[in-house]
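Just below is one structure, and these are the notes that go with it.
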Amino acid sequence: YDVALVSRVLAGFTEKAVRILVMVYPSLTLIEKKRILQLIGQLRPTTSTEILQYAILEPEAELRILAAKTCALVPPPDLLNFLAPLVQDEENGVRAAACETLGRCGGTAAVPILQAAFDKDDAWTVKSMCASFLSKWEEQLAQQIMLDEGEMHSGLVEKIENERVGS
């Protein structure tokens, strides 16, 4: 089998199936909605944002948590704004899942959001999730500064050596 060809053919069916699921999603049961979100995470169709928009507004915290985690697998175009309501959610688990996804996929743009959540949130699950990503970024930043300073220092030493040799 030509895997690339099969993937291209199936991609068209997946996209059409997701469009159909968007139409029926509001009328489905909790179990069916969970299964759809799990499938979206596995299949990763590019047209899944609409279903995720429904899911982050669900009254059941379990679906909002699953939606936040699915966003890590199929990030919507503007992940930070998309997850903003979930970072402010009333449920600790939803906030923690949103912060986890932002930490994994939000890049440095998520740092201020995670820092604000860490500073303001009382739930230890949210604080610890934010702290783990913030500390990793601080470590990476410190390493990059050390590398940059090392390159700058060695460049300066090399320049001085060259000037001394040239004179």
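The values are calculated or read from the model by the stated rules, or taken from the named source; none is laboratory data. None of these values were measured; they are calculated from a predicted model. Cβ atoms come from the backbone with ideal geometry, glycine included; neighbour counts cover every protein chain shown. Each accessible area value is taken on the protein alone, full model and side chains, heavy atoms only, with ligands, DNA and RNA left out. Shrake-Rupley method; radii C 1.70, N 1.55, O 1.52, S 1.80 Å.
Taken over the alpha carbons of segment 82-138 as equal point scatterers, the Debye sum produces base-10 log I(q)/I(0) values at 0.14, 0.16, 0.28, 0.29 Å⁻¹ of -0.27, -0.36, -1.17, -1.27.
Quick check of the Kirkwood formula: for segment 1-82, what is the inverse mean of 1/r over all pairs of different Cα atoms, in Å? For segment 1-82, inverting the mean 1/r across all distinct Cα pairs yields 13.1 Å. Within segment 31-126, the ratio Rg/Rh, alpha carbon atoms throughout and Rh by Kirkwood, equals 0.95.
In the complete set of protein chains, residue-level accessible area for ILE20 is approximately 100 Å², probe 1.4 angstrom.
Applying 1/(1 + (r/R0)^6) with r as the Cβ-Cβ distance of ALA4 and GLN42 and R0 = 22 angstrom yields a FRET efficiency of 0.70. FRET efficiency for the GLU15 to GLU60 pair, using the beta carbon distance and R₀ = 30 Å, is estimated at 0.65. Measuring with a 1.4 angstrom probe and ignoring ligands and nucleic acids, PHE13 comes out at about 140 Å² accessible.
Modelled this way, with points 7 Å down the Cα-to-C-beta line, the labels at VAL24 and GLN115 are 4.7 nm from one another.
The shape of the chain can be summarised by an equivalent ellipsoid whose semi-axes, obtained from the alpha carbon gyration tensor, come to 43, 25, 10 Å from longest to shortest. From helices alone, the chain scores -26500 deg cm²/dmol at 222 nm; the rule is -39500 (n - 2.57) for each run of n ≥ 4 DSSP H residues, then divide by the residue total.
Starting from 0.36 nm per residue, how many nanometres of slack lie between GLN88 and ILE145 once their C-alpha separation is accounted for?
17.2 nm
Using a probe of 1.4 Å, the accessible surface attributed to SER27 totals some 90 Å² when neighbouring protein chains are kept in position.
Figure note: VAL9, VAL87 ranked by solvent-accessible area, largest first, 1.4 Å probe, ligands and nucleic acids not counted: VAL9, VAL87. Computed 3J(HN,Hα) for segment 69-76, one whole-Hz value per residue from the Karplus formula 6.51 cos²θ - 1.76 cosθ + 1.60 where θ = phi - 60°, is 5, 5, 4, 6, 8, 10, x, x, glycine and proline marked x.
Pairs spanning more than 21 Å between alpha-carbon atoms, out of LYS16/LYS69; LYS34/LYS120; LYS69/LYS127: LYS16/LYS69; LYS34/LYS120.
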